[in-house]
Amino acid sequence: MAFNDDLGMPASYYVATAHPAPALAPLKGEVSADLVVVGGGCTGLSTALHAADAGLSVVLLEGGRVGWGASGRNGGQMIPGLRKGAAELVKAYGAERARALFDLALEARSLVLDLIARHAIDCDLKTTGHLLAAVKASDLRGMDEEAKCLATVMAYPHAELLSAEQARDQVDAPYHGGLLDKMGGHMHPLNYALGLAQAARTAGVVIHEQSLATGLENTPGGVRVVTGQGAVRARHAVLAGDALLSGLEPRVNNRIMPVANYILATEPLGELAHRLIPHDAAVSDTRFVVNYYRMSADGRLLFGGGERYTREPPADIAGFVRPHMERVFPQLRGRRVDHAWGGLVSITATRLPHVGRQGEVLFAHGYSGMGVILSTLAGKLLAEAIAGETRRFELFAALEPPAFPGGTSLRGPLHVLGMLWYALQDRLP
């Protein structure tokens, strides 16, 4: 595995184990293209790659380095579907529409696997399943309903309800059971993003790093995106900045909420790694403030736990996450933590993606913790819509979530109150 400590990104396990990637020149001067993409994460890279494959000229602007945001910092868990489960989708939208949404979301998995294979992206891919672990015995009722809905309504036979004993075979922690999705898995997300970027550049996409978009203007026949040293004129624009979109388009911003998330990586655990997660599944639990974890390719536990609803990270990220890890795995008390990092993800009020368009400006974000593979699919849908094939894009666009109360100024304080109330439920038996 190649090591790269100089990507110009905040330190993390992913940066320390990233493949070498060239620094790409900032935009200077004014250029033209068919499409300008703002954001060098998986949404933007997938949009750019699919649009270039369709014959469009594409310029992508990234404010930092490729993969600088959530795409290069997340837990790496590949979980098929949407944040709302199948049973919730059926209750909200009816069986027919729910099945259409689920089928489209499920395509994200096959799309990502295809891109990894087609472009030979080395990203520690594991298709070893995802376990949703039951923290409370009462969680099993919902899991049973979900498994039955998946099998009957969604024609998806890959999810299995596990007893406490069966769950213990998947992870050495005292859960009440779980729901094992055999189509889940995990990967090194930064190396995946870097691989997408290389594929996009090979397809003809021009990527400019260190090119923060500071303005978005409507022009006759298209749009103009301004950076500190230049601008791009294009027929279409895609906003793919997720939680880092800032104030570029307030009408889009007010439907997402940035949430800070933190992860640590232990020292290599040797044989203990296999004992903790014998079948190498990705794991998350049913707490409202979710614990999620998996093993890295070199046998470290990558553990995410706890959330903060401000942009300021804790002074000691490892110290912030460690208690959550040790509650799940007391056998790791005293083990060395080699890396700890954090970043922002975006959520929506409905926990479903916010996908849409305003004239020639299209966008997708708000994956609510499901962006590892869903973002790649969203990029493909955006590229399809730009090419005039809007049916699949409109299926997601119709899910438009409501704006957060109070707009961008008050959404934080009001949302924190709600999150704290729900987080209290984790402490109840």
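Can you tell me which condition residue 65 does not meet? The list is (1) in a loop (DSSP other than H, G, I, E, B); (2) more than 30 Å from residue 339 (Cβ to Cβ), and all the others hold.
It fails just one condition, (2).
Does residue 139 satisfy being at pLDDT 95 or above and in contact with a Ser or Thr (Cβ under 8 Å, 6 or more places away or on another chain)?
yes
With the checklist (1) surrounded by 18 or more Cβ atoms within 10 Å (Cβ to Cβ); (2) part of a loop (DSSP other than H, G, I, E, B) in hand, flag the one item residue 279 doesn't pass.
(1)
Out of the stretch 146-157, which residues are surrounded by fewer than 16 Cβ atoms within 10 Å (Cβ to Cβ) and either charged (D, E, K, R) or part of a loop (DSSP other than H, G, I, E, B) (or both)?
Within the stretch 146-157, 148, 155, 157 meet the criteria.
Can you confirm whether residue 167 is of a type in the set (A, V, I, L, M, F, W, C), part of a helix (DSSP H, G or I), without any contact (Cβ under 8 Å) to a residue 60 or more places away in the chain and farther than 26 Å from residue 95 by Cβ?
Considered against the rule, which asks whether it is of a type in the set (A, V, I, L, M, F, W, C), part of a helix (DSSP H, G or I), without any contact (Cβ under 8 Å) to a residue 60 or more places away in the chain and farther than 26 Å from residue 95 by Cβ, residue 167 comes out as yes.
Whether any residue in the stretch 360-367 is out of contact with any Phe, Trp or Tyr (no Cβ under 7 Å at 6 or more places or on another chain), surrounded by fewer than 19 Cβ atoms within 10 Å (Cβ to Cβ) and either in a strand (DSSP E or B) or of a type in the set (Gly, Ala, Ser) (or both) is what I want to check.
No, because not a single residue in the stretch 360-367 is out of contact with any Phe, Trp or Tyr (no Cβ under 7 Å at 6 or more places or on another chain), surrounded by fewer than 19 Cβ atoms within 10 Å (Cβ to Cβ) and either in a strand (DSSP E or B) or of a type in the set (Gly, Ala, Ser) (or both).
Tell me, please, whether a residue that is within 20 Å of residue 77 (Cα to Cα), out of contact with any strand residue (DSSP E or B) (no Cβ under 7 Å at 6 or more places or on another chain) and not charged (D, E, K, R) can be found in the stretch 195-212.
There is at least one residue in the stretch 195-212 that is within 20 Å of residue 77 (Cα to Cα), out of contact with any strand residue (DSSP E or B) (no Cβ under 7 Å at 6 or more places or on another chain) and not charged (D, E, K, R).
For the stretch 62-103, give me each residue that is among the small types (Gly, Ala, Ser) and over 11 Å from the mean Cα position of the chain (by Cα).
63, 64, 67, 81, 85, 86, 87, 92, 94, 95, 98, 100
If the Cβ limit is 8 Å and pairs must be 6+ apart or interchain, which residue in the stretch 317-344 that is under 23 Å from residue 135 (Cβ atoms) pairs with which residue that is surrounded by fewer than 14 Cβ atoms within 10 Å (Cβ to Cβ) and basic (Lys, Arg)?
326/333
The values are calculated or read from the model by the stated rules, or taken from the named source; none is laboratory data. All values reported here derive from a predicted model rather than from experimental measurement. For neighbour counting, all protein chains shown are included, and Cβ atoms are generated from backbone atoms with ideal geometry for every residue, glycine included.
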